[in-house]
Structures are given as structure tokens and as C-alpha cells.
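Worksheet: the structure to be examined is printed underneath.
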Amino acid sequence: QVQLVESGGGLVQAGGSLRLSCTASGRISFSRNTMAWFRQAPGKEREFVGLTTWGSSRTSYADDVKGRFTISRDNVKNTVYLQMNSLKPEDTAVYYCAASLKLGPTGIYDYDYWGQGTQVTVSS
């Protein structure tokens, strides 16, 4: 069994920063998984935010977060981070981390494991 647990969400003013963490445990080879962040705002579909691949740890981001969000991973701690800067009210959503054995997918159906989500609220 695999568990992904997110933390670090909260309420922040526009222009502020938050860092989310996601720690994996259980039967998962963390270093051999692409780790991604998705988000879901009320009434909207879950959308891709960014990812870091296994191996070379290449990163990829959705256009609307490029330059503001940064993903990193620590394979010793089995943890992936999402540093979010210059937050905007439209970044308000539940943020989920996910794991996939595929190399760098951006679709939700390519991910095998999901965390429970952490709420991020950005006030204007």
C-alpha cells in the first residue's frame, strides 16, 4: 500500500508564498516515480500544475504557474515540494500530489497514487 500525505496549505494574501510538501510511504520506489502536483478549484476539473521526473529530475509546469512555482524533490526523504510564490486569488484550490511510474505524464489518468489534498486559499 502507498500513502502520499500533503502538508503546508493555508490562507495567504495575494503576492505571498507557500511551500507544500508531499511525503510518500509504503510500497513505492519513490526515486523511480514521476511526482506531480495537481489542483482543483470549486466547480472545476482537476488540472496539472507541475511535475518532476525520476532520473534526471526534469521539471515541467503549466503555463499559468511558470516562473512562480518551483517543484523539487528529496529522494532520501521521499518528499516532493511545491514552492509557490507571487500567489494570486486564482491559485485558490485543493492541491494534490500524485505519483506515476511513467516518465513525465501530465494527465490525471497516468497517475497511480494520490494524496488527500491540502487547501490553498489566496485572498485578494
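Of note:
- Test: residue in the stretch 34-55 that is open to solvent by 30 Å² or more (accessible area, probe 1.4 Å) and hydroxyl-bearing (Ser, Thr, Tyr): no
- So SER31, is it without any contact (Cβ under 8 Å) to a residue 24 or more places away in the chain and farther than 15 Å from GLN116 by Cα: no
- Hits in the stretch 22-38 (condition: under 10 Å from VAL80 (Cα atoms) and not in a strand (DSSP E or B)): PHE30
- One residue stands out in the stretch 56-100 among those that are farther than 20 Å from SER124 by Cα, in contact with a Ser or Thr (Cβ under 9 Å, 6 or more places away or on another chain) and among the basic types (Lys, Arg): the one that is surrounded by the most Cβ atoms within 10 Å (Cβ to Cβ), namely ARG73.
- The sole residue among VAL49, VAL120, VAL80 that is of a type in the set (A, V, I, L, M, F, W, C), over 21 Å from ALA14 (Cα atoms) and in contact with a Lys or Arg (Cβ under 8 Å, 6 or more places away or on another chain) is VAL80.
The values are calculated or read from the model by the stated rules, or taken from the named source; none is laboratory data. Since the model is a prediction, treat every value here as computed from it, not as a measurement. With ideal geometry, Cβ positions are generated from the backbone for all residues, glycine too; neighbour counts draw on all protein chains shown. Accessible surface areas use protein heavy atoms only, side chains included; no ligands, DNA or RNA. Shrake-Rupley method; radii C 1.70, N 1.55, O 1.52, S 1.80 Å.
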